[in-house]
C-alpha cells in the first residue's frame, strides 16, 4: 500500500534530515537558511514522488536536489544583498560550539571542494556515489578531493593554527 | 587526523526534533499548493493553453516558474523562466570540437514546447583552478526530439580538464522574443591531443 505524503516526508527527514541539514549548513553558512533549503528539498521530494531504484538512488537524488536548492539560494543572495542587520544575524549563526576552526576553514573553501569534502569525509560516501549525486565523473571527484584537501590544510594552517 | 576532526565537528550539526517536525509539517502543507508565480505575457492570449500548462506542470511537480522582467520604472518589459536546473539535462562531448547537448526533461510542457531552437544565453568555461578560460553565448541550434546540440568554440583551450558552467539558456520561437531560461548547470569535460 502506498505511503501518504506525510509518511514519505517523515521517513525521508528521519533517515536523511541531518545529512541534508549539514550539507545545506556547510553550503549556506546559516541555520535558518539551511532549514529553508531542507524544507524546499522535502517539498520537491513530495511533489515529484520519484520511484527510486534503491536507497542509494534516493540518497543521491536528495543530495543533488539539496545542492541545487543551495545554489539557487546563493545565487539569489548574490543578486539581492541582505541588509546589515540580517547579515550580522547570519554571521552569528556560525558553526557549533567546540569547533576548532576546521569547520570554518572548510566553509571558506569554494563550493565544489566544500561539497566533495563534506560528502566524502563527513557523510562517508564513496567516490562513485558522490559522482552520481553531483553528476560529474569519478575522476573529477577525486580531483576535487585532492585539491580540496590541499586548500583546507593551507587555510587551516594560515588562519587557525 | 585533520579530517577526523572535521568529521567530528561537522557531525555536531544536527536538526532539532522541533525543526524536523516543522519541516515535515510545512513541506506536507506546501507541496500540493505550490504554483508558478507568474505567466509569460505571450501565452496569456491562449488562456486555455496556459491553464493546461499549469495543470500539467503542477501534476508533474516542476520547479520552474515564469517571472516578469521590469525596467527601473516598474514597467514589465519581458519575462524570464527561472529555476529550471532540473528541467534541462546537459552533457558535453569534446570529440569533434565542443558540443553541448541540452535535453529537455519535459519537451511537451511549457515553455519548452514553444521553442523551435535553443541557444546558450550565458556560459563560461573554467579550468580546474576556477579561472575563466572562455565564455559568452552560443547557438541557437534546432530542437529535435526534445534535444538541441549546441556547438561551442574551443579556441584557446589546451589539453586538460575543464568545467562548463551555464547560467541561462535562450529559447527561441517564431515571431516571439527569445525567452531566458535560467538555472545552474555544470559539466566537466577533458580535452586531449590538441
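Structure notes:
- Reported count of residues in the range B:110-145, each being in a loop (DSSP other than H, G, I, E, B) and surrounded by fewer than 18 Cβ atoms within 10 Å (Cβ to Cβ), is 6.
- Top-ranked residue of the range A:130-152 - restricted to ones that are surrounded by 20 or more Cβ atoms within 10 Å (Cβ to Cβ) and away from chain B (no Cβ under 11 Å), ranked as nearest to residue B:93 (Cα to Cα): A:132
- Test: residue B:90 is under 18 Å from residue B:179 (Cβ atoms), surrounded by 17 or more Cβ atoms within 10 Å (Cβ to Cβ) and at pLDDT 85 or above: yes
- Exclusive hit being crowded, with 24+ Cβ neighbours inside 10 Å, in contact with a helix residue (DSSP H, G or I) (Cβ under 7 Å, 6 or more places away or on another chain), farther than 20 Å from residue B:28 by Cβ and more than 8 Å from chain B (Cβ to nearest Cβ), set A:28, A:23: A:23
- Hits in the range B:146-176 - residues which are part of a loop (DSSP other than H, G, I, E, B) and under 19 Å from residue B:85 (Cβ atoms): B:146
- Taking the listed residues B:50, B:39, B:77, the one that is in a strand (DSSP E or B), modelled with pLDDT under 75 and more than 27 Å from residue A:31 (Cα to Cα) is B:77, with no other qualifying.
- Among the conditions (1) away from chain A (no Cβ under 14 Å); (2) farther than 23 Å from residue A:67 by Cα, residue B:100 misses just one, which is (2).
Here's the yes/no breakdown for (1) at pLDDT 85 or above; (2) in the same structural domain as residue A:26 (by TED's automatic domain parsing); (3) closer than 25 Å to residue B:184 by Cα:
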| residue | (1), (2), (3) |
| --- | --- |
| A:89 | no, yes, no |
| A:100 | no, no, no |
| A:105 | yes, no, no |
| A:109 | yes, no, yes |
| A:112 | yes, no, yes |
| A:115 | yes, no, yes |
| A:126 | yes, no, yes |
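- Against the conditions (1) modelled with pLDDT under 80; (2) on the phi > 0 side of the Ramachandran plot, residue A:80 satisfies every one except (2).
The values are calculated or read from the model by the stated rules, or taken from the named source; none is laboratory data. For clarity, every value in this text was computed on a predicted model and none was experimentally measured. Note that each Cβ is placed from the backbone with ideal geometry, even for glycine, and that neighbours are counted across all protein chains shown.
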